[in-house]
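The values are calculated or read from the model by the stated rules, or taken from the named source; none is laboratory data. Because the structure is predicted, anything quoted here is derived from the model rather than measured. Neighbour counts run over all protein chains shown; Cβ positions are idealised from the backbone, glycine included.
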Amino acid sequence: MIRTEKNLFILETSHTAYAFRTTEAGVLQHLYYGARLPRSEDYDSAPVILNQPGNALLDNDGLCREDLLQEAGTVGWGDLREPLVDVLFPDGGRSCDFRFTHFERPETQGPDGMPSAVGGETLKVVLKERTHELYLEIYYTVFEETDVIARWTRLINDGAETIWVNRLMSQQLDLPAGDYDLVTFRGAWAREMDTVRQQLAGELRWSSTAGVSSNRCNPFAMVCRHGTDEDHGDVWALNMLYSGSHLGTAQVNAYGSVRLVQGMGGLHWQLLPGEKLDAPQAVMTYSGEGFGGVSCQMHPFVRRHIVRGYWQNRERPVLVNSWEAFYFKVSHRKAVSLARNARNIGAELLVLDDGWFRGRTDDSHALGDWTADPKKLPDGLAALAREINEQGVRFGLWVEPEMISEKSELFSAHPDWILGHRDQAIGRNQYVLDLTRPEVCRYVCDSMKALLGGADISYIKWDMNRILSDMFTPTLPPERQRETAHRYVLGLYSILDELTKAFPEVLFESCASGGNRFDLGMLCYMPQVWASDNTDSACRSHIQWGYSYGYPQSVLGCHVSDSPNHQTLRRSPLRSRFHVAAMGLLGYELDPGEMSGEKRDELREQVAFYKAHRRLFQFGQLRRCPSAKGECFTMVISPDGAEAAGVHFVWENQPNPKSIPLYCRGLEGETIYHLTNHPTQSRITDFGSLVNYMSPVRIRSGSLVEKAADRFVKLPSDALKLTASGEAFCRRGFYPVQPFGGTGFNGPTRLMRDFDSRLYIWEKETE
Ligand code: GLA
């Protein structure tokens, strides 16, 4: 709910409140963001700091803006902090003083040409620069039930002269002095979302200059009080609906108060008389219940207000992707056979990844030429899709439409369509198309429409495999070149808007070498993202843990791949590869036909198990549970609390390990749950020569005898059955079955290898 009382604005959600007021001089003073308070007056008790001893400056209304908590920081007037807005006026001055003029309660509205969250209740506050005809509009949208507030800004040049915009950030949050930490998510290709927690002192940044939101540093970040943990403490989380370069700064001023600003990075924009400029929409949330509290707010927010359309609440198909099965060596026969093998394990969608289009022999050719390669697919895509659909499997296709290979027909026809100059840094042998040009966007849109219209394609993996660095477009004059990066993103959004509206039932999965463009902006168009090219279950459990702070598992593509893994060469059990992938949108990055019959049976059982619990795995609330060092325990709980699943992953197996209970999260207090585990199988070969300790005949490792024994002797699987209240599972925890600890094996022993796991299921007792 949005309440406006005299000069006071209170934005309330179910559990939080955000408050600011206009001072007598019309400056927007930020008052509070935290748990809801009992009375309106409670928010209005913050002082207007009139004076600071020493050499701080006062503005001409006697306000010391250096330490005033504000809604719209600018350059000059004694405020030394990072501004929300920074402009260059015609005389070269940058001092800027926005004063409140009025507010409105419009229909919810987002920035032009960019995505925005769906729904909510909006407040628009209008400010005018004191001596120029420059207006600043701030839009706040309240998403009551998910405790999220969105914010974005618009600058309008109503004067007669051009203004240069050096910065127009999306959000600002000033917090009172205190001891805080900043938590950001950093990484690189195949190592996305590493959690970095730093004490907040001086100034820290989280940003991307890569032209994409990037795997180097995700736009999602949190500020918390020292000592905050998963379950306790104040946390403020920020994110943006933007897919280009971004900048976030967290700054402690001389008096200890904190300013957070977040918005587009590297912007420099010419604002002609009568023009406006919009910043992307940003979102924030507050929880007093630690990082877990933030995730329990951000996940439903993303599910309900970011992801939209046909697939929003629909269960996603289990897919088999061809990439690691046959890389560029695509053929009609292989694709059909992979579809058959996919169907045999119960998968529902075959995705033909890279390598299918004309001339695409390797990664140095053909990007831009989006027609089937007649050598590999002589009957074309429509016939292939038909044959695959006839197998009872839907057909999906990989594309990388924003790119162009030098060796392509498109490049021969339009060498000037690349972004930047030809002689520049090149990534994966490809250039980026100049999406600041309408005719290039038209080509991309039309070629994708022709593909989607020409064959029965149910799914598109939209890839983007390089960063943008040498930003230049011949279509802009030199002084406007720094608009290129943002104009690229606007071009991209216009394409995505048109295409997703034209093909609303196609399931789009966004990808940028895995998670190089994993952000809320892309998620407004595409309901899921290929989270990382790294499918190693040990790495993936860490990467998915990182994503889970700000994003629900319903947007994370997670696949089981072969062992040894193609990124790490690590060998890991098939069960743990499945368990980790099951905590997201399950797929397979392998050819089941290449596996032994026994392994195929295991895949079939996995898919059936996943489908039986699919709604829970995909749309349950994910919780990070207390996990010992080198372990990772996560759970998903159904919205009605009737069912839950949990995966306990262990990096390194220890002999004679400590008995540490697993503590659950999210199970309902007095509800009685029955716990069982997903059945696993152990094998004779797991023991190597140790099997001779028991065996009446000597068995050599790798011998025919061992193989025969492995085939016929089935070891009992550790099975756990427990009944307890939700409260007991959370507070007292439960002990997994006794692990194998160097000696002694019998039925109930839990055999764990390195990178192994167990998957547990809780079911509510029915009366
Ligand atoms: C990127 C993607 C992979 C695969 C390849 C194909 O690396 O992240 O999943 O699609 O491109 O070239």
Next on the checklist: Exactly one of these conditions fails for residue 587: (1) at pLDDT below 95; (2) crowded, with 24+ Cβ neighbours inside 10 Å. Give me its number.
Outcome noted: (1)
Checklist entry - Picking from 548, 532, which residue would you name as being within 16 Å of the ligand (Cβ to nearest atom) and in contact (Cβ under 8 Å) with a residue 24 or more places away in the chain? => result 532
Checklist entry - So how many residues does region 429-483 have that are within 16 Å of the ligand (Cβ to nearest atom), basic (Lys, Arg) and either in a loop (DSSP other than H, G, I, E, B) or touching a His at 6+ places or on another chain (Cβ under 8 Å) (or both)? => result 1
Checklist entry - Residue check: is residue 498 surrounded by 19 or more Cβ atoms within 10 Å (Cβ to Cβ) and at pLDDT 95 or above? => result no
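Just give me the residues in region 385-412 being in a helix (DSSP H, G or I) and closer than 23 Å to residue 445 by Cα, in sequence order. First the steps, then the outcome.
Within region 385-412, the first condition is being in a helix (DSSP H, G or I), and the residues that meet it are 385-390, 409-412.
Of everything in region 385-412, those that are in a helix (DSSP H, G or I) and closer than 23 Å to residue 445 by Cα turn out to be 385, 409, 410, 411, 412.
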Checklist entry - Of the residues 272, 277, 352, which is touching a residue at least 40 places away in the same chain (Cβ under 8 Å), within 16 Å of the ligand (Cβ to nearest atom) and of a type in the set (A, V, I, L, M)? => result 352
Checklist entry - Is at least one residue of region 356-375 touching a helix residue (DSSP H, G or I) at 6+ places or on another chain (Cβ under 7 Å), more than 16 Å from the ligand (Cβ to nearest atom) and without any contact (Cβ under 8 Å) to a residue 24 or more places away in the chain? => result yes
Checklist entry - residue 460 versus (1) farther than 30 Å from residue 319 by Cα; (2) within 23 Å of the chain's Cα centre (by Cα): which is the lone unmet condition? => result (1)
Checklist entry - Looking at region 712-743, which of its residues are farther than 19 Å from residue 664 by Cα, in contact (Cβ under 8 Å) with a residue 12 or more places away in the chain and not hydroxyl-bearing (Ser, Thr, Tyr)? => result 713, 714, 715, 716, 718, 739, 740, 741, 742
Next on the checklist: Based on this model, can you work out whether residue 538 counts as within 16 Å of the ligand (Cβ to nearest atom) and surrounded by 21 or more Cβ atoms within 10 Å (Cβ to Cβ)?
Outcome noted: no
Next on the checklist: If residue 525 satisfies all but one of (1) touching a strand residue (DSSP E or B) at 6+ places or on another chain (Cβ under 8 Å); (2) aromatic (Phe, Trp, Tyr); (3) away from the ligand (no atom under 16 Å from the Cβ); (4) farther than 27 Å from residue 549 by Cα, what's the number of the condition it fails?
Outcome noted: (4)
Checklist entry - Within region 310-336, can you find the residues that are hydroxyl-bearing (Ser, Thr, Tyr) and either outside any loop (DSSP other than H, G, I, E, B) or within 12 Å of the ligand (Cβ to nearest atom) (or both)? => result 322, 327
Checklist entry - Does region 556-582 hold any residues that are over 23 Å from residue 687 (Cβ atoms), away from the ligand (no atom under 16 Å from the Cβ) and in contact (Cβ under 8 Å) with a residue 24 or more places away in the chain, and which are they? => result 580, 582
Checklist entry - Within region 194-236, how many residues are more than 21 Å from the chain's Cα centre (by Cα) and on the phi > 0 side of the Ramachandran plot? => result 3
Checklist entry - Of the conditions (1) touching a Leu at 6+ places or on another chain (Cβ under 9 Å); (2) crowded, with 19+ Cβ neighbours inside 10 Å, residue 650 fails just one. Which one is it? => result (1)
Next on the checklist: So in region 337-349, with the set limited to residues that are part of a loop (DSSP other than H, G, I, E, B) and in contact (Cβ under 8 Å) with a residue 60 or more places away in the chain, which one is nearest to the ligand (Cβ to nearest atom)?
Outcome noted: 347
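Say we look at region 395-415 and pick out the residues that are within 30 Å of residue 473 (Cα to Cα) and of a type in the set (A, V, I, L, M, F, W, C); which of these is farthest from the ligand (Cβ to nearest atom)?
As a first pass, look at region 395-415 and keep what is within 30 Å of residue 473 (Cα to Cα): 398-415.
Going one step further and asking which of them are of a type in the set (A, V, I, L, M, F, W, C), we end up with 398-399, 403-404, 410-411, 413.
On the way: 398: 5, 399: 10, 403: 10, 404: 15, 410: 17, 411: 18, 413: 23 Å.
Result: 413.
For every residue, the table says whether it meets (1) crowded, with 20+ Cβ neighbours inside 10 Å; (2) not in a loop (DSSP other than H, G, I, E, B).
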residue	(1), (2)
635	yes, yes
657	no, no
665	yes, no
670	no, no
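Restricting to region 207-216, and then to whatever is out of contact with any His (no Cβ under 8 Å at 6 or more places or on another chain) and surrounded by fewer than 24 Cβ atoms within 10 Å (Cβ to Cβ), can you tell me which residue is farthest from residue 529 (Cα to Cα)? It would help to see each step written out before you state the result.
First, pick out the residues of region 207-216 that are out of contact with any His (no Cβ under 8 Å at 6 or more places or on another chain): 209-212, 214-216.
Next, only the ones that are surrounded by fewer than 24 Cβ atoms within 10 Å (Cβ to Cβ) stay: 209-210, 216.
Values: 209: 21, 210: 19, 216: 17 Å.
Only one residue tops the list, namely 209.
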Checklist entry - Mind checking which pairs have a first residue in region 238-256 that is modelled with pLDDT under 95 and a second that is of a type in the set (S, T, N, Q), Cβ under 6 Å, 6 or more apart or different chains? => result none
Checklist entry - (1) within 16 Å of the ligand (Cβ to nearest atom); (2) surrounded by fewer than 20 Cβ atoms within 10 Å (Cβ to Cβ): which one isn't true of residue 392, the others all being true? => result (1)
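I'd like the full set of residues that are over 14 Å from residue 13 (Cβ atoms) and of a type outside the set (A, V, I, L, M, F, W, C), limited to region 290-308.
First, pick out the residues of region 290-308 that are over 14 Å from residue 13 (Cβ atoms): 290-292, 295, 299, 302-303, 306-308.
290, 292, 295, 299, 303, 308, listed by residue number.
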Checklist entry - Say we look at region 602-622 and pick out the residues that are among the basic types (Lys, Arg) and farther than 20 Å from residue 666 by Cβ; which of these is surrounded by the most Cβ atoms within 10 Å (Cβ to Cβ)? => result 611
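Every residue, every condition in (1) aromatic (Phe, Trp, Tyr); (2) assigned to a loop (DSSP other than H, G, I, E, B); (3) in contact with a strand residue (DSSP E or B) (Cβ under 8 Å, 6 or more places away or on another chain); (4) crowded, with 23+ Cβ neighbours inside 10 Å, yes or no:
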| position | (1), (2), (3), (4) |
| --- | --- |
| 219 | no, yes, yes, yes |
| 231 | no, yes, yes, no |
| 255 | yes, yes, no, no |
| 277 | no, no, yes, no |
| 291 | yes, no, yes, yes |
Checklist entry - Could you list, in sequence order, the residues of region 376-387 that are over 30 Å from residue 429 (Cβ atoms) and either in contact with a helix residue (DSSP H, G or I) (Cβ under 7 Å, 6 or more places away or on another chain) or within 16 Å of the ligand (Cβ to nearest atom) (or both)? => result 387
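Answer yes if at least one residue in region 19-27 is crowded, with 19+ Cβ neighbours inside 10 Å, in contact (Cβ under 8 Å) with a residue 40 or more places away in the chain and either among the small types (Gly, Ala, Ser) or assigned to a strand (DSSP E or B) (or both), and no otherwise. So that I can check it myself, show each step before the final result.
As a first pass, look at region 19-27 and keep what is crowded, with 19+ Cβ neighbours inside 10 Å: 19-22, 27.
If we keep only those that are in contact (Cβ under 8 Å) with a residue 40 or more places away in the chain too, we end up with 20, 22, 27.
Filter again for either among the small types (Gly, Ala, Ser) or assigned to a strand (DSSP E or B) (or both), leaving 20, 22.
Looking for residues that are crowded, with 19+ Cβ neighbours inside 10 Å, in contact (Cβ under 8 Å) with a residue 40 or more places away in the chain and either among the small types (Gly, Ala, Ser) or assigned to a strand (DSSP E or B) (or both), one finds at least one in region 19-27, hence yes.
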